[in-house]
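The values are calculated or read from the model by the stated rules, or taken from the named source; none is laboratory data. These figures come from a predicted structure and were not determined experimentally. Using ideal geometry, Cβ is built from the backbone for each residue, glycine included, and neighbour counts are taken over all protein chains shown.
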Amino acid sequence: MTIEAKANSAFSEAPVRVSEWKRFRRVFFSRKIVIFGLVVLLLLVIAAIFAPYLAPYDPYAIDMRSTYQSISADHWLGTDSLGRDTLSRLIYGTRTTIQVGFVTTAFAAIVGMLLGILAGYFSDKPINMIIMRTMDLLISFPSIILALFLAAILGGGIQNVIIALAISSLPGYARVMHGLTLSIKENDYILSERAMGSSSIRTMLSHILPNALAPMIVLITLQLGTLILAEAGLSFLGVGIKPPGAAWGAMVNAGYGDLTRLPILSFAPGIAIMLVVFAFNLVGDGLRDALDPRLRGTL
Amino acid sequence: MAAYIIRRIIWAAIILVLLTVIVFFAMRLLPGDPLMIYVAQSQISSIGPEALEKMRHDYGLDRPIITQYFDWAGKVLRGDLGKSIFYSDSVGKLIITRLPRTAQIGITAFVIATILGTLTGLMAGLRRGKLADQLITPLAYIGITIPVFWLGIILVYVFGVTLHWLPIGGYVSPFDNFWLNARQLVMPVACESVLGLASMSRQMRSSVLEVARQDYIRTAWSKGLGERVIVLRHMLKNSLIPIITLMGFAIGAIFGGSVLVETVFNIPGMGRLMVNSIFNQDYVVVQACTLIFGGIVLLVNLAVDISYGWLDPRIRYS
């Protein structure tokens with residue numbers, strides 16, 4: 001084999017450089033299950049935006065002549081003890097889910113990651129102690145109890161549920177980010193970066209953050225699911241959106257009382273919760289595979 | 001290391017005191033008056049203003065808040081957790097009867113979740129794409145997505161209402177009726193453990209996959225070590241760090257879950273006590289529960305932080 005041929009074969013074996021976006025798209029859309037998750041989330045958003053047009057009935061209309069209707073062509077998922085259409089209430093419930101999930105996560109993730117990276121980077125400074133001990137204080141309360149507690153102080157409205165859940169999910173982000181920062185900053189490339197005189201902010205944002213991003217994205221999507229579960233749990237206990245407003249957790253609780261009579265009343269909203277949380281996790285995992293920096297630039 | 005532990009314990013104590021201060025003052029910011037809620041709920045139709053004042057005085061609610069706090073803290077240090085307004089019983093007694101129920105379910109769930117979670121995750125990670133992985137991974141997915149209260153309802157419907165295999169709720173002490181206790185606990189324990197089990201399994205799987213491509217594992221393989229040694233000595237310990245973090249979370253999640261699970265299965269434990277007391281604004285009970293929950297979780301966190309250093313000597317304590 002000539003030198004030229006050798007060089008050529010070596011070249012063809014080297015990973016083919018492709019654009020980031022192209023690689024991301026290819027990996028992300030290569031798994032059907034991820035696309036399924038994406039479709040579910042898309043449907044969720046569409047249902048929330050167009051709820052008034054999609055719901056077959058008024059979700060609040062009480063009709064005492066048609067209570068406890070079983071599954072039928074008129075009422076696909078039956079009707080509850082007040083004769084309200086379950087499907088319509090489920091569709092309106094998407095609004096509560098979306099609102100609580102996205103607003104809370106955006107707030108908690110940004111603040112939590114910031115706190116975690118600061119604490120981890122300055123692990124020998126008082127700021128580390130102040131941040132992490134505050135997080136310990138917050139985490140020492142199970143999030144649902146903390147949220148219950150805050151909701152009881154602030155009142156049961158949806159904004160207060162958002163505030164309560166955001167505060168209670170802060171320590172999760174901060175602690176994981178703190179741990180990742182501690183571990184990443186021990187790497188040689190951080191040391192050499194520091195030796196070359198890079199500023200703390202630059203090191204944190206351009207070197208530590210990108211290396212922590214993939215696990216953080218997994219955490220954020222898992223947390224989105226967890227938050228939706230927590231919101232459902234709170235509304236199951238009677239905190240959150242007030243009746244007659246529709247929330248999936250509250251629907252499960254209301255249906256529990258009629259479990260022997262019409263199980264679909266608590267089964268249907270439970271399946272809805274699960275499907276959405278499931279979809280968030282699927283998409284999150286898809287994102288993780290597609291964003292992994294170790295695969296960057298290769299196929 | 002010893003100095004680090006002592007400092008952390010002192011910190012934990014300070015945090016615990018801060019926690020009680022915050023809860024103490026926050027509870028008093030709540031709109032509404034606990035005595036009025038009590039009177040309204042216990043349907044005492046005729047209670048004069050004098051009687052109400054006397055009750056207020058008896059519970060110390062007429063004194064300045066700061067005095068009330070120090071009064072309460074002093075009593076706690078002497079082992080007196082106060083008297084519940086709502087249950088008109090000593091809080092110590094309320095907790096002593098309820099804590100063992102919650103602890104029995106919670107600890108069982110925690111042990112099951114940790115052992116099964118680690119094992120299934122390890123199996124799925126080592127045999128990626130094989131049958132075990134194909135079974136475990138989707139199940140773990142379902143485990144982290146299922147709402148515990150809803151899982152409880154499904155279990156009640158299937159095993160309680162339809163098949164009549166298990167009692168649908170309640171709690172009997174194992175010392176009174178061991179067999180009934182065991183049967184009553186199956187569903188609540190399953191519900192409380194499922195989230196921790198599934199998240200540990202997932203985390204373990206991805207840690208194992210991550211660790212498996214590290215250079216030191218390749219070195220271990222290339223120098224001809226057996227799979228058992230590589231898995232047990234090199235992979236397991238390095239994959240466990242995130243699991244230790246999750247164990248801390250799992251304790252919190254199990255206590256939090258107890259609120260929902262005890263509601264579904266009608267178990268008079270700490271979770272129910274806490275929820276009822278928050279809704280009834282029964283200050284003294286909420287404070288005592290805070291102290292206990294907070295103390296347990298702080299201890300667990302301390303254990304987590306200490307074990308990081310044991311598992312990964314690169315993490316230094318200062």
Positions within segment B:266-297 being under 14 Å from residue B:24 (Cα atoms) and without any contact (Cβ under 8 Å) to a residue 60 or more places away in the chain, in sequence order: B:278
Based on what the data block shows, is residue B:306 surrounded by fewer than 24 Cβ atoms within 10 Å (Cβ to Cβ), over 15 Å from the mean Cα position of the chain (by Cα), under 16 Å from residue A:136 (Cα atoms) and more than 9 Å from chain A (Cβ to nearest Cβ)? yes
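Residue-wise test of (1) surrounded by fewer than 18 Cβ atoms within 10 Å (Cβ to Cβ); (2) in contact with a Leu (Cβ under 9 Å, 6 or more places away or on another chain).
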site: A:66; (1), (2): yes, no
site: A:70; (1), (2): yes, yes
site: A:108; (1), (2): no, yes
site: A:116; (1), (2): no, yes
Failed item, numbered, when residue B:103 is tested on (1) within 19 Å of residue B:188 (Cβ to Cβ); (2) buried (at least 20 other Cβ atoms within 10 Å of the Cβ); (3) small (Gly, Ala, Ser): (2)
For residue A:145: the one exception among (1) of a type in the set (Val, Ile, Thr); (2) in a helix (DSSP H, G or I); (3) more than 24 Å from residue B:259 (Cβ to Cβ): (3)
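Between B:266, B:276, B:280, which is within 12 Å of another protein chain (Cβ to nearest Cβ) and at positive phi?
Working: B:276 fails: at positive phi; B:280 fails: at positive phi.
Residue meeting the stated conditions: B:266.
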Given the structure, is residue A:229 within 11 Å of chain B (Cβ to nearest Cβ), free of Cβ contacts under 8 Å to residues at least 60 places away in the same chain and under 13 Å from residue A:147 (Cα atoms)? yes
Taking segment A:52-64 and keeping residues aromatic (Phe, Trp, Tyr), free of Cβ contacts under 8 Å to residues at least 40 places away in the same chain and either more than 11 Å from residue A:87 (Cα to Cα) or loosely packed, with under 15 Cβ neighbours inside 10 Å (or both) leaves A:53
Consider residue A:124 carefully, then state whether it is in a loop (DSSP other than H, G, I, E, B) and at the interface with chain B (Cβ under 9 Å from one of its Cβ atoms). yes
What are the residue pairs meeting all of these: first residue in segment A:247-260, first residue touching a residue at least 12 places away in the same chain (Cβ under 8 Å), second residue basic (Lys, Arg) and part of a helix (DSSP H, G or I), Cβ atoms under 8 Å, and 6 or more apart or on different chains? A:251/A:89
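Do we have residue A:7 as modelled with pLDDT under 80, surrounded by fewer than 16 Cβ atoms within 10 Å (Cβ to Cβ) and out of contact with any Gly (no Cβ under 9 Å at 6 or more places or on another chain) here? I'd like the intermediate steps shown before the answer.
Numbers: modelled with pLDDT under 80: yes; surrounded by fewer than 16 Cβ atoms within 10 Å (Cβ to Cβ): yes; out of contact with any Gly (no Cβ under 9 Å at 6 or more places or on another chain): yes.
Criteria met by residue A:7.
Filtering segment A:226-263 down to residues that are among the β-branched types (Val, Ile, Thr) and at pLDDT 85 or above, which residue is nearest to residue A:82 (Cα to Cα)?
Step one: of segment A:226-263, the residues among the β-branched types (Val, Ile, Thr) are A:226, A:228, A:239, A:241, A:252, A:260.
Checking which are at pLDDT 85 or above leaves us with A:228, A:252.
On the way: A:228: 26, A:252: 15 Å.
Among those that are among the β-branched types (Val, Ile, Thr) and at pLDDT 85 or above, it is A:252.
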I want to confirm something. Restricting to segment A:145-194 and keeping residues that are buried (at least 19 other Cβ atoms within 10 Å of the Cβ) and among the basic types (Lys, Arg), which single residue is modelled with the lowest pLDDT? A:185
Does residue A:137 satisfy being of a type in the set (A, V, I, L, M) and buried (at least 20 other Cβ atoms within 10 Å of the Cβ)? no
